[in-house]
Amino acid sequence: MSNPQHSVDRPAANAQTPAVHELLAFDVASTHYALPIACVRGVVRLPPVTEVPRSPERVLGVIKVRGQVTTLIDLRRLLRLPHAPPLATARVLLVEHGSEVLGLLVDAVLRIHRLKHDEIEPASVLGSDAPIYLTGIGRVQAPMPPPGGIRGTASRGSAIGLLLLLDPDRLLGTQ
Amino acid sequence: MTGGPNDESREQFLAEAQELIETLSHDLLLLDQAERQGDANAEVLNDLFRGVHTLKGLSGMFGFTAVARLAHALEDQLERLRMGRAPLTGEALDLLFHGVERFSQLLATTGDASGLDAIPEGFVERIHALAQADAHGRDVLHDYAFDPESLAALSAHEEHRLRAHLVKGDTVYRLVVALAVVRIDSALVELKQILAPIAELIAVLPGIRPEEHGAIELEALIATRTPETELRSALATFGGNLFTVRKRSGASLLPPAPIVHVPHASPVSAHSVLPESAALAVRVPTNLVRVEIRKLDELMDLVGELGAVRTSLAGLSEQLRASAVDPELIAQAQRLERSFGRQLATMQNAVLEVRRVPLSQVFDKLAVVVRNLAREQNKDVQLVVSGARTEVDKLVAEDVADPLVHLIRNAVDHGIESRQERADKGKASLGTVHIHAFTKGSNVVIEVRDDGRGIDPAAIRKAAVESGVVSEARTRGLSRFEIFDLLFVPGFSTSPQVSDVSGRGVGLDVVRTNVRRIGGTVQVESETGLSTTFVLTLPITLAVLSALVFSVRGHRLVVPLALVQEVVRIDRRAIQAIDGRELLDLRGAILPLSRLVDLLCLRGEPPAVDVQHVIVLSVANRRLGLLVDRIHGQQEVVVKPLGESLRGVRCITGATELGDQRLAFVLDAAALAEEVLSVGATRAHAGGTP
């Protein structure tokens, strides 16, 4: 997994053991995504959200997490998915980005996967117009079936599922 | 960036080095003053030498070789000055100032190891060149009737001190006194005390007569410009014989009297009597603790959390009262809650106080700036400071330094006139920049006043129109204050005509933005031809705010209580509109209004009542009325900053928790006022919800 835009102060977990990737899988709009575990500072339940007047579209508002006022980002908007109210299983992923920690709202947090290099296909397999924040597609064993099943690129009824691997800097860097 | 032990010790080094440099700057200013008065201060030179020496050692220890090398060069120069081998000229001083500044620069390039190692070779060479160019003047000591053996017994430093005094025209005396051996130490202390206010005790040497009856004869060399009679009467109780060291006459050069040295049991040498001033000071332990400001922020956060808990408790207490619980228990709960509240307020104040530092930290640096600027431009300018003991939050102090430097530059560059111009105007040739700080309520006010050429409103008007900042027609309706305020408008200073007026405006918009960012305001007043005064109003603390809480369409907001003049309830129909703006006639004065719901693009249904609340704000001498839905009351709130991701949101600076996990935003009243009222602003929200 190559991340040419690695910011200097991100802990480079990939540099240590490029052979194995540790990923946190989560569900948004019935699709499974994953982020490198190294960039996730924590996971919390969704606290009350306060809207911020005149804020950018992707900002749902601010929440108070561990004493800090944290900006909550609508991951659906970033992934260009339709809006939906938060589920009971909704969680906030605290992700470091630049000088602050941002909150990403997800429908559910699944589990941690350890994937070997050969278990990940590069995003280019989807074609040259694959979104730039997608770094690869992982193949995982028996993921927890979300309500409604896995959409899109999975085979029905099999125990193998697909994980869309995201690059947080590319995901959050662009407006 | 990983914070390992290397980073920690680096941080420590940087902090210590910073302190050392501050002390060095301070000492250099003292030296500068002394040099101008023709009075080289030995102690200060020694302190400087010690400081640079310590810095050299520290930086060498932590591997900052460039800093160490620069320190070494400066140390050599200071040594020469100390020993009188180099004259203390303005040029020598400039080099020292430059060197200390270079230290600051080198240390400021943190995180970049190459920066710290980039050594200014050219600078070091200049120092060496200066060393070569030392005047090989005649040794003044030869002109005076000193006993050569006595001279030989002097240390190099003492010789230098003698020369320094003679060159200045002071008189040197020999005090010959016999002291009982047991008395010697206390006697010498006594002598030093007697002489301290009126003379310098250069050295104490063994006398020529041998020991007799348990007494030793000593000869003290004293230099002073106090009249002899005064010296004699001061020494009357001490005893001994005072002789003046006279100049040698050209004709007779008497051979020196033979000295008989009698070996003493305990040889009295100059070194054992006087502390060797070249000895390096051991670090003196102080009662101070250096604390990372991050830790103070965390403390403040905790206090904030406790505040939220307390508010919840108060709410619970209220609810209990309504329910059927033993009234005695309720009373107890309320007492506890109030007691908790009191202790919490005390703790909050204590934490705030810990974060406060005196403004002198900032002002001291400004003196160096003034000195350098004045020399650069060949003007005579002095910096006068009052109220340096006024304290503000450390962060406020740090952030106000840059704007102050900017204003000072402005004052010296464009305010203070050249010597000739001042003379022509009948002003004193020495220009003054006066910084005056004082507390005013929950604010600190810093005035920067120069007695230069002042600002001419007509010239500003002209420059503003020419640079397109405001139309000719508009300028006619402006008050004197509003005209001066034009200096702060971005675009004013980029006028193609670089006259002194627009020069005055250079970068003032940046100053205003930076001051605004720490919650302050800046204005300017002037007496044309006589003076210009910039007034900065800053909050004493950024952490806690006395705020007025209100809501618009269910969104909670707060505004600093200090800016609130009053709150009024008006009938909706009292609002008048003209030219797209809304206003209110409040007791005969026109109050411009702003609908926050429009300004902040808030959604929701307006409350179905005819009565509206208006918060009257007074921001930078202007009034603005905010139309809001509900007023919730006053509260002390702990303000938390918003993340970088929300930096673009105008009119909101920070958020605070009001007690139920929901957050309220802090309104940036100054930005709001500017958006609504300022002359150069475009009116984007001319009524109506988008």
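Observations on the model:
- Comparing each chain alone with all protein chains together (probe 1.4 Å, DNA, RNA and ligands left out), the residues of region A:85-122 losing at least 40 Å² of accessible area are A:GLU100.
- Loop-located trypsin sites (Lys or Arg not before Pro) in region B:383-413 whose Cβ has at most 14 other Cβ within 10 Å (DSSP): B:ARG389
- Of all lysines in the structure, those lying under 25 Å Cα to Cα from B:LYS425, and not within fewer than 8 positions of it along the same chain, are B:LYS379, B:LYS462.
- Straight-line cross-link partners of B:LYS247 among the lysines, defined as a Cα under 18 Å from its Cα and at least 8 positions apart when in the same chain: B:LYS168.
- Under-5 Å amide H pairs with B:ILE198, H placed in peptide plane, nonlocal only: none
- Using C-alpha pairs below 8 Å separated by at least 6 residues, the relative contact order for region B:340-459 is 27 percent.
- Region B:326-425, accessible surface, carbon-and-sulfur percent (1.4 angstrom probe): 49
- Remark: relative contact order (region B:514-581) = 19 percent; criterion is Cα-Cα distance under 8 angstrom and separation of 6 or more residues.
- At least 50 Å² of accessible area lost relative to the chain alone, listed for region A:25-63 with a 1.4 Å probe: A:PRO48, A:THR50, A:GLU51, A:PRO53, A:ARG54
- Antiparallel bridges, percent of DSSP beta bridges restricted to region B:336-460 (to nearest 5): 65
- Aspartates and glutamates whose Cα lies under 12 Å from that of B:LYS192, excluding same-chain neighbours fewer than 8 positions away: B:GLU200
- Signed unit charges on C-beta, dipole axis of region B:297-368, positive-most listed residue B:ALA322, B:SER360, B:THR311: B:SER360
- Amide hydrogen neighbours beyond the local backbone of A:ILE73, cut-off 5 Å, H modeled: A:LEU60, A:GLY103, A:LEU104, A:LEU105
- Across region B:145-231, C-alpha contacts under 8 Å between residues 6 or more apart give a mean separation that, scaled by the residue count, equals a relative contact order of 36 percent.
- ³J(HN,Hα) computed for each position of region A:119-131 - Karplus, 6.51 cos²θ - 1.76 cosθ + 1.60, integer Hz, glycine/proline x: 8, 10, 9, x, 4, 4, 5, 7, x, 6, 9, 5, x
The values are calculated or read from the model by the stated rules, or taken from the named source; none is laboratory data. Quantities reported herein were computed from a predicted structural model and do not represent experimental measurements. Glycine also receives a Cβ, built like all others from the backbone with ideal geometry; neighbour counts cover every protein chain displayed. SASA here: full protein model, heavy atoms, side chains in, ligands and nucleic acids out. Shrake-Rupley method; radii C 1.70, N 1.55, O 1.52, S 1.80 Å.
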